[in-house]
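Notes for the one structure printed next.
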Amino acid sequence: MMKIYLIGFMGSGKSSVGKNLATSLGISFFDTDSYIEEYTEKAIPAIFADEGEEGFRHYESNALEQLSGIEAVVATGGGIIEKTRNKDIMDEDGIIVYLHTNFETISQRLQEDKNRPLWNQDLNKRKALYERRLPMYKQFSHYIVETDDKEVEDIIYEIEDVMKFS
Ligand code: S3P
């Protein structure tokens, strides 16, 4: 069974890479954020406002559990590394690829995006979150792919290449 989890900070391209990778491999694509929004029938900012980050993290781990055992590419939310339990779920089920993107590139891509509650805060807090999470993504992942200045096709090619060794 082929199962690829894409992890990385907000704006690292997990969804666009994930969709294209799934098409290229001929398998399904899931996005944990969309999965949660469909399940709760709420947008992510509303979940954070009503149930807090902790409530959202609970849905996120549940989504991973629901998707385990299914052949797919799964784009995860940027905070998937906040729960060690999530590592166990993904580790047992497939390969975990970290899409690494520089903070400057992410800032350009997201700018003043209002749909991500943890991006929607001042620059120092965004930067501190990014710095704190960097080692966590590395610790969670089996492979790291650098994405700065690369086209989606090149990133997919690299992921397909590392998959040959797993
Ligand atoms: C989050 C990232 C978002 C989404 C939520 C929380 C985070 O997903 O899950 O806003 O904690 O980094 P993306 O990484 O797809 O933006």
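Quick notes on this one:
- Residue match in region 29-39 (condition: closer than 29 Å to D154 by Cβ, within 10 Å of the ligand (Cβ to nearest atom) and more than 11 Å from the chain's Cα centre (by Cα)): yes
- Qualifying residue in region 128-143 (condition: closer than 27 Å to E37 by Cα, surrounded by 13 or more Cβ atoms within 10 Å (Cβ to Cβ) and touching a Leu at 6+ places or on another chain (Cβ under 7 Å)): yes
- Considering residues of region 61-89 that are closer than 9 Å to I4 by Cα and surrounded by 18 or more Cβ atoms within 10 Å (Cβ to Cβ) only, the residue nearest to the chain's Cα centre (by Cα): A75
- Contacts under 8 angstrom Cβ, first residue in region 104-120 being at pLDDT 95 or above, partner loosely packed, with under 15 Cβ neighbours inside 10 Å and of a type in the set (F, W, Y), 6 or more apart: none
- Verdict on K150 being out of contact with any Phe, Trp or Tyr (no Cβ under 9 Å at 6 or more places or on another chain), farther than 20 Å from S34 by Cα and more than 15 Å from the ligand (Cβ to nearest atom): yes
The values are calculated or read from the model by the stated rules, or taken from the named source; none is laboratory data. Remember, it's a predicted structure, so these values are computed and weren't measured experimentally. Using ideal geometry, Cβ is built from the backbone for each residue, glycine included, and neighbour counts are taken over all protein chains shown.
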